[in-house]
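First comes the structure, then the notes that go with it.
The values are calculated or read from the model by the stated rules, or taken from the named source; none is laboratory data. Here the structure is a predicted model, which means the values were calculated and not measured. Using ideal geometry, Cβ is built from the backbone for each residue, glycine included, and neighbour counts are taken over all protein chains shown. To get the accessible areas, we keep the full protein, side chains included, count just its heavy atoms, and leave off ligands, DNA and RNA. Shrake-Rupley method; radii C 1.70, N 1.55, O 1.52, S 1.80 Å.
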Amino acid sequence: MFKHLFLTFVFTLLNLLLLGQKTSWSSPEALNGFSVSEIFSTSDSMVYVIKQKEEDKKAIAFDVFDHSLTKQVSAEVATEMDEVNHIALFHDELYVFGVLHHKGEDELVVKKINSNGELNAAKSLLTAKSYGGYHAHFDVSISPNQDYCAIIGSDGYSPDQKEIIHAVLFDTNWVEHHHQEIITTILSQKRCYNAITVNNDGVTYIMKRERKKGADKYYVFCLSESGSENHHELHLKSRNIMDMRFDLDTLGDLYLAGFYAPPYKSLFEGIYIKKINPEGIEQFSKEYLFNENVIDAFHSKKDIKEYGYGLTRFNMSHFGFVNEKNLTLEATHSTREKNKNDGYDYIQNGFVLISLSAKGGFQYATPIVTEQTDEEHKGYWNAHTHVSYKGKDLIYLNLLGDGAKKIKEDLPENAFLYPYQIEVSPNGTTKRTLQNFDVTVKDYAIFNDYKNNSSLPLLIVKSKNKDQYAIGLLEDIHE
């Protein structure tokens, strides 16, 4: 049945590609105090929408949609865990990973969720020590082919102790392939900055950030499927790594990218990109200074004189493959400023999109100014969604406040803010289009504060009162 649904889905999609651009939408769905947090899709294109409560992350609900975005199941889940650590699809089944707090140690467990929202018995995966109120830190990654589940855990903060990273690898039958302890040279820290990803061959990459005054240090640990380990510290030529994100290519190599800054300054002066193979060997490391057009888009001459030739108040917000040959790196300018009403304006001035080749080559850097000023909703609506589809970068956002003052068009039907698409061409030029979504949610705006873990180009809109949402599938891009 699932195979039939998937073939029907693909056939429908191919027909729509010939007919023109279209976004199909689900019916409005009640949120009942929850908010959309993550989206997953199975190999037969069943879509799971995960919902959580801001004030209680242990409370989980989910909706399941078929290929036509018709809801099939809706359920709430009582996790009975001290904290929910991770939610994932593993071998096309939905799992929740959570932590149980015991005296002197924390335990990471996993439970499978069936279609009725019922949990199976918990399976213990990994334990790590806790000390004096400081809990262990766990992270989970599923390989792209869903054949492996990699987990790391670090003991809670303990003064003058070196950090130990516990690493374990499971297959789809939850058979343990290795369980390693990596004793680092890094002193235990109150906040642990570790990240993990695992490729289709079971190679686990662990990215480690060590907080240091003046300039943080970054490391990569590589564990093979059998548990052998290689690692090294990451370096740039003359500047300091400011931030880092990562993605895997189809061969399982690791790509790292981010921004660099001078010592003791939160100033984005340029970008870097690195490629590391499964043996932990750096294939290339390249650095590029920002073009003047990027700096001039966000800084006046006075700003440049005060801060120097770099970007201030920017944060890294996206990195990943657009297709097998190209990657996109993104930084976003967000801030809060006092206004004349004795309140605050929550501002997203815009973002910078940087295109890089899979060989590390620089292609373009495009500044996009949006001036989204949001006082009334405290910045709830002024984020954006980055969609990579058919080899293009697409940005979906609401224009509001200062950014909406020049718009002459009427609001689309049912919308309470202006929904826009920004399409970035392969040479870096942009095209902005007001979106007339055929969605029946009343007083809607694009909702962007969630993670799309699926391979499908999906969008979410939510009602102004935040009590309804609809999920949309982008089915074609006009050429």
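Selection of segment 22-40 for residues being within 15 Å of Leu94 (Cα to Cα) and open to solvent by 20 Å² or more (accessible area, probe 1.4 Å) yields Ser37, Glu38.
Remark: pairs (first residue in segment 315-336, more than 21 Å from Lys275 (Cβ to Cβ); second residue among the acidic types (Asp, Glu) and open to solvent by less than 20 Å² (accessible area, probe 1.4 Å); Cβ separation under 9 Å; 6+ apart in sequence or on different chains) = Ser317/Glu330.
Taking segment 24-82 as the range and being over 27 Å from Leu108 (Cα atoms), modelled with pLDDT of 95 or more and among the hydroxyl-bearing types (Ser, Thr, Tyr) as the test, the residues that pass are Ser26, Ser27, Thr70. Can you pull out the residues in segment 135-164 that are at pLDDT 95 or above and of a type in the set (Val, Ile, Thr)? Val140, Ile142, Ile151, Ile152, listed by residue number.
Cβ-Cβ distances below 8 Å connect the following pairs, each with a first residue in segment 378-395 that is farther than 15 Å from Ile460 by Cβ and part of a strand (DSSP E or B), a second residue that is open to solvent by 30 Å² or more (accessible area, probe 1.4 Å) and aromatic (Phe, Trp, Tyr), and a separation of six or more residues or different chains: Ser388/Phe321.
Among the residues of segment 338-355, those identified as in a strand (DSSP E or B) and touching a residue at least 24 places away in the same chain (Cβ under 8 Å) are Tyr344, Asp345, Tyr346, Ile347, Gln348, Asn349, Gly350, Phe351, Val352, Leu353, Ile354, Ser355.
In segment 426-479, counting only strands (runs of 3 or more DSSP E) that sit wholly within it, the ones holding 1 or more residues that are crowded, with 17+ Cβ neighbours inside 10 Å and out of contact with any Ser or Thr (no Cβ under 6 Å at 6 or more places or on another chain) span 444-446, 458-463, 468-474. The condition (being within 30 Å of Arg336 (Cα to Cα) and open to solvent by 10 Å² or more (accessible area, probe 1.4 Å)) is satisfied by just one residue among Phe284, Phe246: Phe246. Looking across segment 200-234, the residues that are over 29 Å from Gly133 (Cα atoms) and acidic (Asp, Glu) come down to Asp201, Glu225, Glu229, Glu233. Restricted to strands (runs of 3 or more DSSP E) entirely inside segment 53-158, no element has at least 2 residues that are open to solvent by 20 Å² or more (accessible area, probe 1.4 Å), touching a helix residue (DSSP H, G or I) at 6+ places or on another chain (Cβ under 9 Å) and within 24 Å of Phe246 (Cβ to Cβ). Scanning segment 229-283 for residues that are over 21 Å from Ile354 (Cβ atoms) and among the aliphatic types (A, V, I, L, M) turns up Leu251, Ile281.
Pairs meeting the criteria (first residue in segment 279-298 and within 21 Å of Val203 (Cα to Cα), second residue open to solvent by 70 Å² or more (accessible area, probe 1.4 Å), beta carbons under 7 Å, at least 6 apart or on different chains) are Glu279/Asn230; Gly280/Asn230; Gly280/His231.
If you scan segment 400-416, which residues turn out to be open to solvent by less than 20 Å² (accessible area, probe 1.4 Å) and modelled with pLDDT of 95 or more? Within segment 400-416, Pro412, Ala415 qualify. Scanning segment 396-425 for residues that are within 26 Å of Ser454 (Cα to Cα) and not in a strand (DSSP E or B) returns a single hit, Ser425.
In the set (1) closer than 30 Å to Ser130 by Cα; (2) of a type in the set (Val, Ile, Thr); (3) crowded, with 21+ Cβ neighbours inside 10 Å, Thr197 fails one condition alone, (3). For segment 214-234, a residue qualifies if it is in a loop (DSSP other than H, G, I, E, B), of a type outside the set (Ser, Thr, Tyr) and either touching a Ser or Thr at 6+ places or on another chain (Cβ under 6 Å) or without any contact (Cβ under 8 Å) to a residue 40 or more places away in the chain (or both), and exactly one does: Asp216. Exactly one residue out of Tyr272, Tyr255 is open to solvent by less than 20 Å² (accessible area, probe 1.4 Å), under 22 Å from Lys213 (Cα atoms) and at pLDDT 95 or above: that is Tyr272.
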